[in-house]
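The values are calculated or read from the model by the stated rules, or taken from the named source; none is laboratory data. As the structure is a computational prediction, the values presented were derived from the model and not from experiment. So basically every Cβ, Gly included, is an ideal-geometry build from the backbone, and we count neighbours across all protein chains shown. To get the accessible areas, we keep the full protein, side chains included, count just its heavy atoms, and leave off ligands, DNA and RNA. Shrake-Rupley method; radii C 1.70, N 1.55, O 1.52, S 1.80 Å.
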Amino acid sequence: MSSINSLILEKRLFEPSEKFKNQANINAQTYAALCEEARDDYEGYWSRLAKIFLEWKKPFSQTLDKSNAPFYKWFADGEINASYNCIDRHIDQNGDKTAIIFESDDGKVTSISYRTLLSKVSQFANSLKSAGLKTGDRVIIYLPMSIEAVVAMQACARLGLIHSVVFGGFSAKSLQERIHDATAKMIITSDGQMRGGKALPLKPAVDEALKLGGCESVSKVVVYKRTSLQTEMNSIDVWWDDFIEGQSDTCEPVWVNSEHPLFLLYTSGSTGTPKGVQHSTGGYLLQVALSMLWTFDIKDSDIFWCTADVGWITGHSYVAYGPLAVGATQVIFEGIPTYPDAGRFWDMIERHQVSIFYTAPTAIRSLIKLGADLPNKYDLSSLRLLGSVGEPINPEAWMWFYETVGKCLCPIVDTWWQTETGAHMLTPIPGATSLKPGSCCKAFPGIQLAIVDEAGNQLKNGEGGVLVIQKPWPSMIRTIWNNPQRYQSGYFPPDYQGAYLAGDGAVKDEDGYFWIMGRIDDVLNVSGHRLGTMEIESALVANKLVAEAAVVGKPHEIKGESVVAFVVLKQALPDLSDAIGNETAKKVINELRDWVGKEIGPIAKPDEIRLCENLPKTRSGKIMRRLLRSIARGEEITADISTLDNPHIIQQLSQVIK
Ligand code: PRX
């Protein structure tokens, strides 16, 4: 609570300017009216919006089906196609409008219109059909940021194939787990990816994943050629260009029912295995479109840029689907913010005349560090709105973003949401909400959130508690693939009176503004990437050297949180007071870090590994995680350690090997 208390002392309030208010899609009056409408007639509200903002092949007759709660259904008997809604319906009026401005790592720009996007998606969809894929089949997409990634996702959606995008930073092992859990029939990948001027291989991870076993469902691997790396092609592999060769560039969309799964996206939870979050078609699409219009205030003339990778939910909702669903022009970037130098983002904003820029606090903090004055060298006058997502943004970073990037003219939308929520849940509506740096402000119109105690009782403003969403919403997670039980028990535990448990702690201030305090479960947020402590622990104990491991988070200036692992080796602990012992320890630590990189992916590598003889445990054998967190943070130990079975190890746990 202490950090949140200090955040709440933040009293600055930034009102929307007259200029912004006058042109906003939603002003204070409409905002109030929408909230009131949702309060008075919840289903009527969503039904009205779904009819206005989506095109249905067959209209739905029932809005919300609660008969099998918490397995809610929205617009269930309606028929729709996501790709049609994202592309085809813009063609008559806006076919020549630029859909995507793609900038590669080396600065080459390729722009494509909605019409060209439709041809590419249709041609790829026809190839998928020719390969024998049928509605409901699962396809793994393991591609770098590219037009092809969006084409692959949209082509799956066109046929009702369920895609599951795996972030390119995940290892072969993580990829294999996802292929296996989804029983995917196809993998779409590339030979490699370009990052910071270097070509990094991607396809070899697919080969390795398939060799690990359990992937017998895969009958084809499509490989997009992106680099000049030498690539071994196996009998089931086909190059992207050969795959689409001779295919027609028109393809009728397959109309699916609104509840048909649009995609699975694996995310970390508090147990060792990632969960396949299943999203629907109609409900998901409705809220990504609405949030483009209301949170981002998108207009026909805007150039929108969301910097997230399509491997994460933000890249699904605000790259692959949202911007297209509203017919916007967007920038997609292959590279990294620091190449060729730390001015890359600002340079791109200037060159592409970006008007709405959506990024993560970790990127903002690292760019401040690399050049707080750099934005001043560029003309950023095209910007009119800024956004932040993924983790709490500290008021200092918020102020820098507001003043140095936005020149005090652009509202910042700090959007709180999750893989499971599909779209923004808490956010300012920029023409209506006065902003407080560090707060994600208030509920998106229609969303009902509350802060409750552990018995589910609503708390008063100022009292910290657990964030819950009280009513089902259209873009919500439908289930966990292969594990409905985990969906039900994890998100709708009995104590919370049917509400969705988000897994975050939060507090509301006296003005009803929400402040997120961070996760209440064993989930870490490293550079906006969600990592389960248990997942890293299971990776560590899978190493032959390791007997036991415990992983905790520690605040990090740039990444938000860093990963600290306490590891008990099977062999005797090297003598750390001795030079040779110290060298041995360092070698072991490096080996374990690389191991986690291979097991999960480089993003999960512990920043610090501390070797110890034992983990602190209570007499009943439970690891004292809170104590480990305090030790990792170098805090004075105030916790009661009288129940600790082995108090002498505290000293050892505090030792960091440099
Ligand atoms: O803890 C919250 C944090 O990120 C978690 C969700 O992670 P993920 O599913 O990977 O989705 C991230 C992108 C939507 C949340 O439970 N989080 C996300 N946005 C914010 C945030 N914490 C504070 N402020 C935010 N704006």
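Points to keep in mind about this one:
- At most 15 other Cβ within 10 Å, DSSP loop - GluC sites (Glu not before Pro), region 235-334: E245
- Cross-link partners of K203 among lysines, defined as those whose alpha carbon lies under 22 angstrom from its own and excluding same-chain residues fewer than eight positions apart: K173, K185, K211, K220, K225, K598, K605.
- All lysines inside 27 Å of K508 as judged from Cα atoms, apart from same-chain residues fewer than 8 positions distant: K11, K21, K436, K442, K460, K471, K554, K559
- Secondary structure note: in the chain, about 60% of the DSSP beta bridges are antiparallel.
- With the cut-off at under 20 Å, measuring from each backbone N in region 79-93 to a point 7 Å along the Cα-to-Cβ line of T135 picks out 79-89.
- Global geometry of region 198-237, whether rounded, prolate or oblate, following the gyration tensor of its Cα atoms and the 1.5 cut on a/c: prolate
- Helical runs assigned H by DSSP (4 residues or longer) give the chain a calculated mean residue ellipticity at 222 nm of -8500 deg cm²/dmol, each run adding -39500 (n - 2.57) before division by the residue total.
- When the inverse distances between all different Cα atoms of region 310-427 are averaged and flipped, the Kirkwood radius reads 14.7 angstrom.
- In this simple spin-label model, placing a label point 7 Å from the Cα along the Cα-to-Cβ direction at both T271 and L370 gives a separation of 3.9 nm.
- 3J(HN,Hα) along region 189-194: 9, 9, 4, x, 9, 9 Hz, from the Karplus curve 6.51 cos²θ - 1.76 cosθ + 1.60 with θ = phi - 60°, whole Hz, x for Gly and Pro.
- Only Cα pairs under 8 Å and 6+ residues apart enter the sum, and on that basis the relative contact order of region 45-96 stands at 32 percent.
- Gyration tensor (alpha-carbon) shape descriptor, region 471-537, a/c threshold 1.5: oblate
- Protection proxy ranking for 374-382, 205-213, using the average of other Cβ atoms within 10 Å per residue and placing the highest first: 205-213, 374-382.
- Accessible surface of region 508-658 [probe 1.4 Å, protein heavy atoms]: carbon and sulfur percent: 49
- Ratio Rg/Rh [Cα only; Rh per Kirkwood] for region 283-376: 0.99
- Whether region 5-96 is rounded, prolate or oblate, judged on the alpha carbon gyration tensor where a/c under 1.5 counts as rounded: oblate
- Percent carbon-and-sulfur accessible area, region 434-498, ignoring ligands, DNA and RNA, probe 1.4 Å: 44
- Taking all protein chains into account, the per residue accessible area for region 201-279 stands at 47 Å² (1.4 Å probe).
- Residues of region 634-657 with amide N under 18 Å of the 7 Å Cα→Cβ point at N614: 640-655
- Accessible area of region 75-138 divided out per residue, in Å², using a probe of 1.4 angstrom: 38
- Near I298, the amide H atoms lying under 5 Å from its own belong to L293; only residues 5 or more places off or on other chains count, and H is placed 1.01 Å from N.
- In sequence order, region 449-454 has phi-based couplings of 10, 8, 10, 10, 8, 6 Hz under the Karplus curve 6.51 cos²θ - 1.76 cosθ + 1.60, θ = phi - 60°, and Gly or Pro positions carry x.
- A Förster distance of 60 Å, applied to the separation of the beta-carbon atoms of E557 and D77, puts the FRET efficiency at 0.70.
- Across region 436-441, coupling constants 3J(HN,Hα) worked out from phi with the 6.51/-1.76/1.60 Karplus curve, θ = phi - 60°, read 10, x, x, 10, 8, 6 Hz, and Gly and Pro carry x.
- Accessible area in square angstrom per residue, region 356-467, 1.4 angstrom probe: 30
- Among 317-324, 597-604, the order from most to least packed when residues are scored by Cβ within 10 Å on average: 317-324, 597-604
- Region 64-93-region 518-547 distance, computed between alpha-carbon centres (Å): 35
- In this calculation the C-beta distance from D379 to A342 is compared with R0 = 22 Å, giving a FRET efficiency of 0.80.
- Amide H contacts of V331: I101, F304, W305, C306, each under 5 Å away and 5 or more positions distant or on a separate chain (H built 1.01 Å from N in the peptide plane; Pro and chain starts excluded).
- Along its principal axes, region 543-658 has C-alpha extents of 37, 34, 25 angstrom, given from the largest down.
- Theoretical gain in end-to-end length, W239 to A639 [0.36 nm per residue, Cα-Cα removed]: 138.1 nm
- Protein accessible area in region 34-114, 1.4 Å probe - carbon and sulfur %: 43
- Peptides 359-372, 92-105 ordered by packing proxy, namely the average of other Cβ atoms within 10 Å per residue, highest first: 359-372, 92-105.
- D_trans [Stokes-Einstein, Kirkwood Rh over alpha-carbon pairs] for the chain, 25 °C, 0.890 mPa s, µm² s⁻¹: 95
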